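Just below is one structure, and these are the notes that go with it.
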Amino acid sequence: MGRLICISNRIPMGPNPSGGLVVALHDTLMSTKGIWIGTSGEIVENPENRLRPVEGGPFERMCFDLSENEQENYYFGFSNQVLWPLFHGRTDIMEIHAEYLDSYKEVNRRLARMLAEVVQPDDRIWVHDYQLLPLAQYLRDMGLSNRIGFFLHTPFPTPLALQALPNGTEILEWMSHYHVVGMQAERDVRNAMAAMVELGNAQELAGGFVYMEPRQTRIAAFPIAIDADEFRTLAEEQVQKLPAGVLKPERRLMIGVDRLDYTKGVPQRFKAFGEFLERHEDWHRHVSMLQISPPTREGVEAYDNIREETELLSGRINGQFADISWAPIRFINRPIPREVLAGLYRASDVALVTPLMDGMNLVAKEFVAAQDRDDPGVLILSQFAGAAEQMPDALIVNPHDTEQMATSIMTALAMPLIDRRRRHDALMDRLMKHDVAWWSKGFLTALG
Ligand code: GDG
């Protein structure tokens with residue numbers, strides 16, 4: 001059998017992978033013979049039209065550079081100011097410009113040409129995420145007939161939302177060139193299927209297949225996951241090593257971990273905590289929230305705005321409730337090493353995972369995996385995270401409903417051990433069965 005060629009926008013250049021997609025693919029490639037291809041992260045004046053090998057590492061990697069223009073228009077432009085908001089239900093903040101789309105297509109075409117030089121006839125190709133949707137079509141244009149699959153890490157929009165993008169149906173045509181299109185959740189499969197049929201004149205067939213002349217594609221859910229066993233071991237080791245002062249015996253800890261992104265519902269979470277503190281003066285000084293939010297996509301206006309909004313809110317809540325020995329919110333805008341994160345999850349009593357829309361959300365899974373089975377913490381999870389379909393034993397909340405979230409914080413903090421254990425056992429059971437190996441095996445089996 002040929003190799004597995006995984007392609008994603010970025011590949012990790014350093015030795016310690018972090019981030020959802022990166023960790024999942026790393027684990028997949030460790031167990032399969034394959035190559036990982038993506039951009040290097042370097043911006044150069046005249047990018048070479050050739051993939052170059054990346055030295056070292058446990059498996060083969062190849063990369064290419066982007067020009068400044070491509071970074072602006074393909075990456076920050078069409079990928080992150082059109083597709084990302086569109087796929088997360090934020091059509092109101094899309095920035096539609098013709099040069100964004102042109103560059104998006106051009107980078108994908110350029111990548112297809114470079115790939116055609118290295119792909120062999122029996123290789124299987126696995127394309128990842130919204131930055132690379134047209135890749136299969138351009139590879140087909142170059143005459144490649146390999147098995148090609150696509151996995152979307154974000155949600156898929158409703159047919160109505162898709163119409164906010166001029167020529168949005170082109171996305172459906174791009175998708176039709178893959179043998180398999182993998183989604184995170186059943187809701188995304190339903191949206192994609194509906195869009196194909198209603199807007200793409202396609203025909204739904206049995207077994208999750210859809211026919212768009214002259215090809216058929218399978219659309220199915222493959223919920224991404226983590227190596228729960230490995231993460232639990234890491235958390236067990238690391239909780240011992242947390243620096244003094246992180247934990248206080250008289251104080252409960254709530255944790256939030258999200259890239260600083262407007263989809264993650266951090267303002268809603270802060271407001272709910274403010275509401276909780278209004279309601280429960282007896283909890284002042286006895287609970288604090290640790291919010292870790294490393295910045296991403298800096299320079300894009302919507303990201304500058306979310307940073308300002310969250311800084312303002314956390315400042316206001318701290319100003320209103322803090323006293324000389326306690327501040328309710330610690331808001332950290334830097335990345336924290338993965339192993340420290342694992343220890344922090346385990347040391348926390350409650351996790352707040354409250355996105356307004358999220359493909360899956362691996363933080364929810366990491367938090368559960370990190371818990372001590374004998375004294376587990378409680379997961380508060382948004383109904384709009386893909387993870388909610390698989391994690392009904394979390395406390396499911398609507399992040400727009402501040403009062404309900406404040407009540408859920410109280411429920412979580414007061415939850416008896418027997419209930420915490422019952423919920424945790426149920427969540428952990430599914431995490432162990434449906435781990436990252438199950439995810440990649442499921443997709444690759446479907447790809448054939
Ligand atoms: C996309 C989709 C989908 C976060 N802060 C730090 C840090 N992280 C790590 C977390 C987790 C990962 O980043 C975030 O993954 P998520 O799944 O929560 O969210 P996205 O980054 O938006 O990922 C998402 C995912 O792709 C996979 O398909 O689940 O829905 O949006 O692993 O732990 N890691 C370190 N320091 C930090 O400060 N080391």
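The values are calculated or read from the model by the stated rules, or taken from the named source; none is laboratory data. Note that this is a predicted model, so its numbers are computed, not measured. Backbone-built Cβ (ideal geometry, glycine too); neighbour counts: all protein chains shown. All accessible areas refer to the heavy atoms of the entire protein, side chains included, with ligands and DNA or RNA removed. Shrake-Rupley method; radii C 1.70, N 1.55, O 1.52, S 1.80 Å.
Taking Leu313 as meeting all but one of (1) away from the ligand (no atom under 13 Å from the Cβ); (2) surrounded by 23 or more Cβ atoms within 10 Å (Cβ to Cβ), write down the number of the exception. Only one criterion is unmet by Leu313, namely (2). Restricting to the range 359-378, name every residue that is of a type in the set (Val, Ile, Thr) and open to solvent by less than 10 Å² (accessible area, probe 1.4 Å). Across the range 359-378, the qualifying residues are Val368, Val378.
Return yes when Ile380 is assigned by TED's automatic domain parsing to the domain that holds Pro399, under 24 Å from His400 (Cα atoms), within 13 Å of the ligand (Cβ to nearest atom) and in contact with a strand residue (DSSP E or B) (Cβ under 9 Å, 6 or more places away or on another chain) and no when it is not.
Values: assigned by TED's automatic domain parsing to the domain that holds Pro399: yes; under 24 Å from His400 (Cα atoms): yes; within 13 Å of the ligand (Cβ to nearest atom): no; in contact with a strand residue (DSSP E or B) (Cβ under 9 Å, 6 or more places away or on another chain): yes.
Spelling it out, it is not the case that Ile380 is assigned by TED's automatic domain parsing to the domain that holds Pro399, under 24 Å from His400 (Cα atoms), within 13 Å of the ligand (Cβ to nearest atom) and in contact with a strand residue (DSSP E or B) (Cβ under 9 Å, 6 or more places away or on another chain).
Checking the conditions here, which among Leu356, Leu431, Leu381, Leu413 is open to solvent by less than 30 Å² (accessible area, probe 1.4 Å) and within 24 Å of Phe87 (Cβ to Cβ)?
Unique residue meeting the criteria: Leu381.
Specify the residue that is nearest to Pro376 (Cα to Cα); the eligible residues are those in the range 247-284 that are charged (D, E, K, R) and not in a helix (DSSP H, G or I).
Start the filter on the range 247-284 by keeping residues that are charged (D, E, K, R), which leaves 248, 250-252, 258-259, 261, 264, 269, 271, 275, 278-279, 281-282.
Still in the running and not in a helix (DSSP H, G or I): 248, 250-252, 258-259, 261, 264.
On the way: Lys248: 18, Glu250: 18, Arg251: 16, Arg252: 13, Asp258: 21, Arg259: 25, Asp261: 28, Lys264: 24 Å.
Ranking the qualifying residues of the range 247-284, first place goes to Arg252.
Taking the criterion of being in contact (Cβ under 8 Å) with a residue 60 or more places away in the chain and in a loop (DSSP other than H, G, I, E, B), the residues of the range 295-335 that qualify are Arg297, Gly299, Val300, Asn333, Pro335. Is it fair to say Ser79 is within 16 Å of the ligand (Cβ to nearest atom), among the small types (Gly, Ala, Ser) and modelled with pLDDT of 95 or more? The answer is yes for Ser79. In this structure, is Glu60 in contact with a Gly (Cβ under 8 Å, 6 or more places away or on another chain) and either farther than 25 Å from Leu341 by Cα or surrounded by fewer than 16 Cβ atoms within 10 Å (Cβ to Cβ) (or both)? So Glu60 passes the test. The single condition among (1) part of a loop (DSSP other than H, G, I, E, B); (2) open to solvent by less than 40 Å² (accessible area, probe 1.4 Å); (3) at pLDDT 85 or above that Glu48 does not satisfy is (2).
Of everything in the range 172-189, what is without any contact (Cβ under 8 Å) to a residue 40 or more places away in the chain and under 30 Å from Met391 (Cα atoms)? Give them in sequence order.
Taking the range 172-189 and keeping what is without any contact (Cβ under 8 Å) to a residue 40 or more places away in the chain, we get 173, 181, 183, 189.
Selection gives Val181, Met183, Val189.
Are any of the residues in the range 71-90 touching a strand residue (DSSP E or B) at 6+ places or on another chain (Cβ under 6 Å) and surrounded by 21 or more Cβ atoms within 10 Å (Cβ to Cβ)?
Here is the first cut: in the range 71-90, the residues touching a strand residue (DSSP E or B) at 6+ places or on another chain (Cβ under 6 Å) are 71.
Checking the rest, the ones that are also surrounded by 21 or more Cβ atoms within 10 Å (Cβ to Cβ) come to none.
No: zero hits.
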